[in-house]
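Each remark here refers to the structure printed beneath this line.
The values are calculated or read from the model by the stated rules, or taken from the named source; none is laboratory data. Source: prediction; values computed, not measured. Counting neighbours? That spans all protein chains shown, and the Cβs are built from the backbone with ideal geometry, glycine included. Ligands, DNA and RNA are stripped out before the accessible areas are found, and what is left, the full protein with its side chains, is counted by its heavy atoms. Shrake-Rupley method; radii C 1.70, N 1.55, O 1.52, S 1.80 Å.
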Amino acid sequence: MNYNVNEHGYYGDFGGAFIPEMLYPNVEELRQNYLQITSEESFQKEFHDLLKAYVGRPTPLYYAKRFSEKYSTKIYLKREDLCHTGAHKVNNTIGQILLAKRLGKHRIIAETGAGQHGVATATVCALMGLECIVYMGEVDIKRQAPNVARMKMLGATVVPAMSGSKTLKDATNEAIRDWINNPEDTHYIIGSVVGPHPYPDMVARFQSVISEEVQKQLMQLEYRNAPDYVVACVGGGSNAAGIYYHYLDDPKVGIIAVEAAGKGIDSGESAATSALGKIGIIHGSKTLLMQTGDGQITEPYSISAGLDYPGVGPMHAHLFASGRGEFISITDTDAMEAGLELCRLEGIIPAIETSHALAIFKERKFKPDDVIVINLSGRGDKDLNTYIDYFNL
Ligand SMILES: *Cc1c(COP(=O)(O)O)cnc(C)c1O
């Protein structure tokens, strides 16, 4: 079984490019060029130079001693929280902006829900001196004021999406409309392993630097390049794709994906796509998504804004459907407790998305000599208000 994308842009039954006719030229231009451009030596050099000097890579692979002792197993944390801007998202935006430049684009658009991807995009646009327009639901603009301020400081224009529920999917619709109207000079930076082919593969490749580093670091720390398990939280699935990438075809490495159960899988308020989703089309890709009987996308819910997405990328849908990945869902409550526990045991305040991945030890037992690498996808600074309200700090 192949777990990576095939030449037609599919992961098993999932993926493809289900796009309006008018978008075809843009996506096709990308599809025809992305592999060649990104494999050029000059591209790879500029990408890796920036990852090193600007993002701060390689990020440490840290053996979490007290956390490991608590759960009687060996836990390593891949410190993506130490990336510039505080999470893994910037690995992808750097890659895409370099690609956009080589395609001769000088205008960048993006959509954002919680604002994290908008900030990562605005950051690299400032770095490269390119115009940046971020579409964001009007409701999200109000909810995520600090990230809106960050984007503005970085020189981006934040355009409110006023239709529908005024949240992420409406912002996505606006961004797609913009791209259709500006096919020549504009690149659309998608923030996760979602969207029409080639986006899921392209984003996975940019994020694969994470598992590339883990292989080398683990060799030094454990004298082996593969752990027994790799673990990540899954919103759209980009940090997960990054830490799974070089282990997809190694059956000795268990792949664990952690989704947000919100208030409980059966509560009607969750984002546990693998448990609740059915095959459908979202964001131009055939994948698992949460929908009603007649195919309307269900509003997802999670305490963590980054996991609050009704679908998963096609790679993850395939990992789930094929049984290659083990999918676990974690409630708000368990995630918040696990986040606080990491603070107390290791002196690291994780993003609430990441806290979901950290909570698996309550659900699942490991052997004492298992080596587990968890992707610590982001830091908790952005979530401080949620932590404050939750714990009455
Ligand atoms: C955005 C985000 C996520 C979820 O996105 P993926 O594409 O699933 O990785 C997870 N963790 C953090 C810290 C994020 O900012």
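FRET efficiency for Ile297 and Lys65, Cβ-Cβ distance as r, R0 = 56 Å, nearest 0.05?
So the FRET efficiency works out to roughly 0.80.
Among the listed pairs Lys252/Lys365; Lys45/Lys65; Lys101/Lys152; Lys166/Lys362, which are separated by more than 25 Å between their Cα atoms?
Cα-Cα > 25 Å for Lys45/Lys65; Lys166/Lys362; rest within.
Quick one: which residues, 5 or more positions from Ser329 or on another chain, have an amide H under 5 Å from its amide H? H modelled 1.01 Å from N in the peptide plane, none for Pro or chain starts.
Correct list: Glu259.
Roughly how many Å² is the accessible area per residue of the range 306-393, as a whole number, for a 1.4 Å probe?
I get 38 Å² per residue for the range 306-393.
Which cysteines does the chain leave without a neighbouring Cys Cβ under 4.7 Å?
Isolated Cys, the chain: Cys83, Cys233, Cys343.
Provide the FRET efficiency to the nearest 0.05 for the Arg143-Asp370 pair, computing r from the beta carbons and using R0 = 51 Å.
Using R0 = 51 Å, I get an efficiency of 0.85.
From the C-alpha gyration tensor of the range 88-187, pull out the three semi-axes of the equivalent ellipsoid (sqrt of 5λ each), sorted largest to smallest, in whole Å.
21, 16, 10
Round to a whole angstrom and tell me the spacing of the C-alpha centers of the range 341-393 and the range 34-94.
Comparing the Cα centres of the range 341-393 and the range 34-94, I get a distance of 18 Å.
Quick one: compute a quarter of the convex hull surface over the Cα atoms of the chain and quote it in nm².
About 17.7 nm², averaged over all directions.
Would you compute, for the Cα atoms of the range 285-369, the largest minus smallest coordinate along each principal axis and list the three values in descending order, in whole Å?
Reported extents, whole Å, longest axis first: 46, 29, 18.
Three principal axis extents, largest first, for the C-alpha atoms of the range 34-130, in Å?
53, 33, 22 Å, listed from the longest principal axis down.
For the range 14-80, just run the numbers: alpha carbon Rg, then divide by 2.2 N^0.38 Å, N being how many residues it has.
1.85
Ratio of the range 243-384's C-alpha Rg to 2.2 N^0.38 Å, to two decimals?
Rounded to two decimals, the normalised Rg is 1.06.
If you average the sequence gap of Cα pairs under 8 Å that are 6 or more apart and divide by the length of the range 1-131, what percent do you get for the contact order?
This gives 16 percent for the range 1-131.
Lys/Arg Cβ at +1, Asp/Glu Cβ at -1, dipole of the range 1-117 taken about the Cα centre: which of Asn4, Leu61, Ala17 is farthest positive-ward?
Leu61
Mean residue ellipticity at 222 nm from the helices of the chain, using -39,500 (n - 2.57) per DSSP H segment of n ≥ 4 over the full residue count, to the nearest 500 deg cm²/dmol?
-12000 deg cm²/dmol
Would you mind telling me the share, in percent, of accessible area of the chain contributed by carbon and sulfur at probe 1.4 angstrom?
Result for the chain: 52 percent of the exposed heavy-atom area is carbon or sulfur.
Restrict the search to the range 208-253; then list the chymotrypsin sites (Phe, Trp or Tyr not before Pro) that DSSP places in a loop and that have at most 12 other Cβ atoms within 10 Å of their Cβ.
Hits after loop and neighbour filter: Tyr223.
Accessible area per residue, 1.4 Å probe, Å², for the range 110-159: what's the number?
With the other protein chains kept in place, the range 110-159 gives 39 Å² per residue.
List the GluC sites (Glu not before Pro) in the range 332-393 that DSSP assigns to loop (not H, G, I, E or B) and whose Cβ has at most 14 other Cβ atoms within 10 Å. Which are they?
Glu363
Can you figure out the FRET efficiency of Thr157 with Gln36, using R₀ = 30 Å and their beta-carbon distance, to the nearest 0.05?
Calculated value: 0.40.
Which far-off residues, 5 or more places away or on another chain, put their amide H under 5 Å from the one on Ile348, with H placed in the peptide plane?
Hits under the 5 Å cutoff: Cys343.
If you plug each phi of the range 331-345 into the Karplus form 6.51 cos²θ - 1.76 cosθ + 1.60 with θ = phi - 60°, what whole-Hz ³J(HN,Hα) values come out, in order, with x for Gly and Pro?
Here the 3J(HN,Hα) series is 6, 3, 4, 5, 5, 4, 5, 5, x, 5, 4, 5, 4, 6, 8 Hz.
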